[in-house]
Amino acid sequence: MKRIDSFLPAVLAALSLTAALQGAPAQAAARHAAAASEGHKKGAALHQFSGTVTSVDKTSLTVAKSGKEAKTMVFARSADTRTTGDLEKDAHVTVWYREDGGQVVAHRVVVKSPTRTASR
């Protein structure tokens, strides 16, 4: 009869290998999350906001959304901000923006509809 002591090192080695292999996906996921977080800081994800322009100048853009979830956002504009269409007060727009250093910066502004005036 073989002694169990001779199998114990082999069993412990197998258990250690199994535990290490099970931890590998978790470690890989943690590395991936850390890399994604680092990439997020470098090239922050774009967010989108649609509404009506309430104020516009060379350095900022204010857009308000009405309805049940009314909200107003002020976006900083830079030389890199791309604009499609005539950006003026009362125009309906969609703004793609990033948060950069605590400031909301417009990346791209698309005018959805031109300013309409009442003809009464």
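I need every pair where a residue in the range 47-69 that is in the same structural domain as Thr81 (by TED's automatic domain parsing) has its Cβ under 6 Å from the Cβ of a residue that is at pLDDT 95 or above and surrounded by fewer than 12 Cβ atoms within 10 Å (Cβ to Cβ), sequence separation at least 6 or different chains.
Once the first residue is in the same structural domain as Thr81 (by TED's automatic domain parsing) and sits in the range 47-69, its partners that are at pLDDT 95 or above and surrounded by fewer than 12 Cβ atoms within 10 Å (Cβ to Cβ) give Lys65/Lys71.
Out of all the residues in the range 80-89, which are surrounded by 13 or more Cβ atoms within 10 Å (Cβ to Cβ) and not hydroxyl-bearing (Ser, Thr, Tyr)?
Result: Gly85, Leu87.
Test Ala34 against the stated conditions and say whether it is among the aliphatic types (A, V, I, L, M), modelled with pLDDT under 95 and surrounded by fewer than 10 Cβ atoms within 10 Å (Cβ to Cβ).
When the stated conditions are applied, Ala34 does not pass them.
Scan the range 59-102 residue by residue and report those that are closer than 15 Å to Leu46 by Cβ and within 15 Å of the chain's Cα centre (by Cα).
Those that are closer than 15 Å to Leu46 by Cβ and within 15 Å of the chain's Cα centre (by Cα): Val95, Trp96, Tyr97, Arg98, Glu99, Asp100.
Which condition does Gly51 not pass, out of (1) at pLDDT 90 or above; (2) loosely packed, with under 14 Cβ neighbours inside 10 Å, if it passes all the others?
(2)
Looking only at the range 77-93, which residues are over 13 Å from Thr54 (Cα atoms) and in contact (Cβ under 8 Å) with a residue 12 or more places away in the chain?
Scanning the range 77-93 gives Arg77, Ser78, Asp80, Thr81, Arg82, Thr83, Thr84, Gly85, Asp86.
The values are calculated or read from the model by the stated rules, or taken from the named source; none is laboratory data. Please read all numbers here as calculations on a predicted model, not as lab measurements. For neighbour counting, all protein chains shown are included, and Cβ atoms are generated from backbone atoms with ideal geometry for every residue, glycine included.
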